[in-house]
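Let me begin by presenting the structure, written as structure tokens, before commenting on it.
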Amino acid sequence: MEQKRFKQAVINQIRKRDTSGFRTLSHFGEEQNISDKAAAKLLSGNMLNGVRSVYLPRGRRDAELKNNFSRTVIAPGLVLKHSPTLRVSSDLRAKTITLFQQEKGDWALFSGANLKDWTINFEGQKILEKNVNSSGQRFNKFGFTGCLNFYNVTFMRTVFSAAGGGCEDSVNIVSSQGFISLGEIRNAFADALDADFSGLEIASLKVMRAGNDCIDVSGGTYLLNNVELFECGDKGISIGEKSDLTARSATISDAKIGFSAKDSPLG
């Protein structure tokens, strides 16, 4: 499957112009003038000129990146970045990694890793919806929206599970490729599985209760052999932004919309 590059802008500065609109400064020193409407979309929806963008003031961003994540070496060539309070347990012989969320904002990021034959379990906190602010997307310090995040990862017979947590996505897969044997997600606060710019085949995926979409894919190619989705708060499967998705067998129960195709999907 074709792998597509993930693109995201980081905006460090937004200033009001003397006339109308705003002037932005990116992390790479690029300046541009934007309208009031574009500024509102950046701040509320994390989008600017059709590109996913996150606003992090420079001082805040530098401090957060320096002080608010930890690294755990799981195995040679396999390093996990995560929030400092996340508890990590691993079994090299069984090739199993279990992550325990201690705080509702705890997250984990696998980046540039080969996860052949690994099993990854994320045990999140139970989140009461009334106690969580659901306005806008909630990015972690690296600009990802998931509790369990995979970026530029190769999957091969990989297994994952995620339960609970108060993240925008329980599982967020970006610019990754390969074969996932089994995925299981329970009690997702918003989206259960969000995949962007990836080429993935999943043999079996089961979602049991999601506050928003059970599956949301964009900008990639996705083959789902067997899918079971129960209690999706909005859509069972949302397909958008030039995506090609094939579901050979899909059971969707208790969703507002079973399948939704939007933003010029390929098929």
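Rule-based calculations on the coordinates, nothing more; no lab input. None of these values were measured; they are calculated from a predicted model. Because the Cβ atoms are built from the backbone with ideal geometry, glycine has one as well, and the counts that use them run over all protein chains shown.
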Quiz prompt | Order by protection proxy (mean Cβ within 10 Å, highest first), peptides 187-198, 149-160, 220-231, 81-92 | solution = 187-198, 149-160, 220-231, 81-92
Quiz item: Using modelled amide H (1.01 Å from N, peptide plane; none on Pro or chain starts), what sits under 5 Å from the amide H of G21, excluding residues fewer than 5 places away?
Solution: D36
Quiz item: Which value, in Å³ per residue, describes the convex hull spanned by the Cα atoms of the stretch 170-259?
Solution: 68 Å³
Quiz prompt | Cα centroid separation, the stretch 198-267 to the stretch 69-130 (Å) | solution = 24 Å
Quiz item: Using the beta-carbon distance between D36 and T96 and R0 = 41 Å, what value does 1/(1 + (r/R0)^6) give for FRET efficiency, to the nearest 0.05?
Solution: 0.20
Practice problem: Identify the residues of the stretch 160-181 with backbone N under 19 Å of a label point that sits 7 angstrom from the Cα of T72 along the Cα-to-Cβ direction, or state none. | Solution: 160-167, 170-172
Self-check item: From phi via Karplus (6.51, -1.76, 1.60), per-residue ³J(HN,Hα) for the stretch 98-106 in Hz, x at Gly/Pro
Solution: 10, 10, 10, 7, 8, 10, 5, x, 4
